[in-house]
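Below is one structure, written out as C-alpha coordinates; the observations come after it.
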Amino acid sequence: MSLSREILATYRGPGAVVARLLSQGPREDRALVLVMAACALFFVAQMPALARQAHMQEIELNPLLGGALLAWLVIAPLLFYLLAFVAQIVARVFGGKGSGYGARLALFWALLAASPLVLLNGLVAGFMGAGPQLTLVGLIWFAVFLWFWLSGMRAAQKAPAA
(Lines give C-alpha, C1' and ligand atoms only; values in the text may rest on other atoms or scores of the structure.)
Protein backbone atom coordinates (compact mmCIF):
# COMPACT_ATOMS: atom_id res chain seq x y z
CA MET A 1 0.00 0.00 0.00
CA SER A 2 1.07 3.58 -0.51
CA LEU A 3 2.01 5.66 2.49
CA SER A 4 -1.14 7.79 2.37
CA ARG A 5 -3.35 4.70 2.17
CA GLU A 6 -1.52 3.16 5.12
CA ILE A 7 -2.08 6.35 7.11
CA LEU A 8 -5.79 6.30 6.28
CA ALA A 9 -5.97 2.62 7.21
CA THR A 10 -4.35 3.46 10.54
CA TYR A 11 -7.35 5.62 11.44
CA ARG A 12 -9.53 2.52 10.98
CA GLY A 13 -7.28 -0.05 12.65
CA PRO A 14 -3.83 0.99 13.86
CA GLY A 15 -2.84 -2.41 15.21
CA ALA A 16 -3.51 -4.12 11.89
CA VAL A 17 -1.32 -1.64 10.01
CA VAL A 18 1.59 -2.10 12.43
CA ALA A 19 1.19 -5.89 12.20
CA ARG A 20 1.28 -5.63 8.40
CA LEU A 21 4.42 -3.49 8.54
CA LEU A 22 6.05 -5.95 10.94
CA SER A 23 5.20 -8.87 8.66
CA GLN A 24 7.49 -7.33 6.03
CA GLY A 25 10.45 -8.18 8.25
CA PRO A 26 12.75 -6.03 10.37
CA ARG A 27 14.14 -3.18 8.31
CA GLU A 28 15.91 -0.56 10.37
CA ASP A 29 16.18 1.69 7.33
CA ARG A 30 12.37 1.77 7.13
CA ALA A 31 12.12 2.72 10.81
CA LEU A 32 14.64 5.52 10.35
CA VAL A 33 12.77 6.88 7.33
CA LEU A 34 9.48 6.83 9.27
CA VAL A 35 10.87 8.77 12.22
CA MET A 36 12.69 11.25 10.00
CA ALA A 37 9.57 11.84 7.86
CA ALA A 38 7.49 12.35 11.00
CA CYS A 39 10.05 14.78 12.41
CA ALA A 40 10.20 16.67 9.11
CA LEU A 41 6.41 17.06 9.17
CA PHE A 42 6.57 18.20 12.79
CA PHE A 43 9.10 20.84 11.72
CA VAL A 44 6.82 22.01 8.89
CA ALA A 45 3.94 22.17 11.35
CA GLN A 46 5.98 24.56 13.53
CA MET A 47 6.52 27.07 10.74
CA PRO A 48 3.20 28.99 10.98
CA ALA A 49 3.54 29.42 14.76
CA LEU A 50 7.15 30.53 14.40
CA ALA A 51 6.20 33.02 11.68
CA ARG A 52 3.45 34.37 13.95
CA GLN A 53 5.89 34.65 16.85
CA ALA A 54 8.48 36.44 14.72
CA HIS A 55 5.87 38.89 13.42
CA MET A 56 4.29 39.60 16.81
CA GLN A 57 7.60 40.05 18.61
CA GLU A 58 9.27 41.79 15.65
CA ILE A 59 12.23 39.42 15.62
CA GLU A 60 14.04 37.62 12.83
CA LEU A 61 12.36 34.41 11.62
CA ASN A 62 15.48 32.57 10.38
CA PRO A 63 17.03 31.87 13.82
CA LEU A 64 13.70 30.51 15.02
CA LEU A 65 13.47 28.22 12.00
CA GLY A 66 17.09 27.12 12.44
CA GLY A 67 16.51 26.19 16.06
CA ALA A 68 13.34 24.28 15.20
CA LEU A 69 15.13 22.49 12.36
CA LEU A 70 17.93 21.39 14.68
CA ALA A 71 15.46 20.31 17.34
CA TRP A 72 13.18 18.31 15.03
CA LEU A 73 15.65 16.75 12.61
CA VAL A 74 18.62 16.07 14.90
CA ILE A 75 17.56 15.94 18.54
CA ALA A 76 13.97 14.65 18.35
CA PRO A 77 14.79 11.43 16.42
CA LEU A 78 17.35 10.52 19.07
CA LEU A 79 14.81 11.14 21.82
CA PHE A 80 12.22 9.04 19.99
CA TYR A 81 14.70 6.16 19.75
CA LEU A 82 15.27 6.49 23.50
CA LEU A 83 11.51 6.58 24.15
CA ALA A 84 11.01 3.42 22.06
CA PHE A 85 13.78 1.70 24.05
CA VAL A 86 12.09 2.60 27.34
CA ALA A 87 8.71 1.48 25.97
CA GLN A 88 10.21 -1.88 24.98
CA ILE A 89 11.62 -2.35 28.48
CA VAL A 90 8.23 -1.53 30.01
CA ALA A 91 6.51 -3.92 27.60
CA ARG A 92 8.95 -6.69 28.58
CA VAL A 93 8.21 -6.09 32.27
CA PHE A 94 4.52 -6.58 31.52
CA GLY A 95 5.11 -9.77 29.54
CA GLY A 96 5.58 -8.46 26.01
CA LYS A 97 7.20 -10.84 23.55
CA GLY A 98 8.07 -8.39 20.80
CA SER A 99 11.37 -7.02 19.60
CA GLY A 100 12.96 -3.63 19.98
CA TYR A 101 12.35 -3.10 16.28
CA GLY A 102 8.62 -3.65 16.86
CA ALA A 103 8.58 -1.04 19.62
CA ARG A 104 10.43 1.44 17.39
CA LEU A 105 8.13 0.77 14.46
CA ALA A 106 5.00 1.20 16.62
CA LEU A 107 6.19 4.56 17.96
CA PHE A 108 7.54 5.90 14.69
CA TRP A 109 4.46 4.83 12.76
CA ALA A 110 2.18 6.43 15.35
CA LEU A 111 4.08 9.70 15.00
CA LEU A 112 3.86 9.64 11.21
CA ALA A 113 0.24 8.51 11.05
CA ALA A 114 -0.88 11.23 13.47
CA SER A 115 1.06 13.91 11.59
CA PRO A 116 -2.00 15.28 9.70
CA LEU A 117 -3.33 16.37 13.07
CA VAL A 118 0.06 17.89 13.94
CA LEU A 119 -0.13 19.91 10.72
CA LEU A 120 -3.64 21.07 11.68
CA ASN A 121 -2.32 21.99 15.13
CA GLY A 122 0.43 24.04 13.49
CA LEU A 123 -2.07 25.91 11.33
CA VAL A 124 -4.25 26.69 14.33
CA ALA A 125 -1.19 27.88 16.26
CA GLY A 126 -0.12 30.07 13.36
CA PHE A 127 -3.46 31.61 12.49
CA MET A 128 -5.24 31.75 15.84
CA GLY A 129 -2.48 31.57 18.43
CA ALA A 130 -2.89 30.25 21.94
CA GLY A 131 -6.42 29.60 23.09
CA PRO A 132 -9.06 26.95 23.54
CA GLN A 133 -9.00 26.00 19.85
CA LEU A 134 -5.30 25.21 19.95
CA THR A 135 -5.72 23.28 23.19
CA LEU A 136 -8.58 21.24 21.73
CA VAL A 137 -6.69 20.36 18.55
CA GLY A 138 -3.61 19.49 20.60
CA LEU A 139 -5.61 17.20 22.87
CA ILE A 140 -7.21 15.48 19.88
CA TRP A 141 -3.78 14.95 18.33
CA PHE A 142 -2.35 13.55 21.55
CA ALA A 143 -5.30 11.19 22.07
CA VAL A 144 -5.06 9.90 18.50
CA PHE A 145 -1.29 9.50 18.81
CA LEU A 146 -1.67 7.51 22.03
CA TRP A 147 -4.35 5.32 20.43
CA PHE A 148 -2.08 4.60 17.46
CA TRP A 149 0.99 3.98 19.62
CA LEU A 150 -0.66 1.73 22.19
CA SER A 151 -2.48 -0.27 19.50
CA GLY A 152 0.76 -0.61 17.59
CA MET A 153 2.65 -1.67 20.72
CA ARG A 154 0.00 -4.30 21.44
CA ALA A 155 0.40 -5.71 17.93
CA ALA A 156 4.20 -5.53 18.12
CA GLN A 157 4.35 -7.30 21.47
CA LYS A 158 2.32 -10.26 20.21
CA ALA A 159 5.02 -11.07 17.69
CA PRO A 160 7.98 -13.11 18.97
CA ALA A 161 11.22 -11.18 19.30
CA ALA A 162 13.56 -11.65 16.36
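Note on the chain: dipole from Cβ charges, positive end direction compared against Ala113, Leu139, Gln88; the farthest Cα belongs to Gln88.
At a probe radius of 1.4 angstrom, the accessible area of segment 82-162 per residue rounds to 50 square angstrom. Spin-label model, Ala51 to Ala71: label points 7 Å out along the Cα-to-beta-carbon direction sit 1.8 nm apart. Loop-resident GluC sites (Glu not before Pro) (DSSP state other than H, G, I, E or B) in segment 1-71 with no more than 12 further Cβ atoms inside 10 Å of their Cβ: Glu58, Glu60.
Among Arg30, Arg92, Arg20, Arg12, the order of accessible area from largest down is Arg12, Arg92, Arg20, Arg30, computed with a 1.4 Å probe on protein heavy atoms. Helix 61-70 and the long axis of the chain differ in direction by around 10°, with both axes built from C-alpha atoms. Along the Cα-to-Cβ line of Lys158, 7 Å from the Cα, sits a label point; which residues in segment 90-109 have backbone N less than 13 Å from it? 97-98, by backbone N distance to the label point.
Available extension along the chain between Val86 and Ala130 is 12.6 nm, counting 0.36 nm per residue and deducting the alpha carbon span.
Only one of (i) 38, 20, 13; (ii) 31, 16, 14; (iii) 23, 20, 14 was calculated from the structure for semi-axes √(5λ) of the Cα gyration tensor in Å, and its label is (ii). Short-range pairs are left out: with C-alpha atoms under 8 Å and at least six residues apart, the relative contact order of the chain is 37 percent. Under a Gaussian network description of the chain, with springs only between Cα atoms under 10 Å, the residue in Leu146, Leu112, Leu34 that fluctuates furthest is Leu146. The share of accessible area on the chain that comes from carbon and sulfur is 72 percent, using a 1.4 angstrom probe.
The values are calculated or read from the model by the stated rules, or taken from the named source; none is laboratory data. Predicted, not measured: the structure shown is a model, and the values here were computed from it. Virtual Cβ from ideal backbone geometry, glycine too; neighbours counted across all protein chains shown. To get the accessible areas, we keep the full protein, side chains included, count just its heavy atoms, and leave off ligands, DNA and RNA. Shrake-Rupley method; radii C 1.70, N 1.55, O 1.52, S 1.80 Å.
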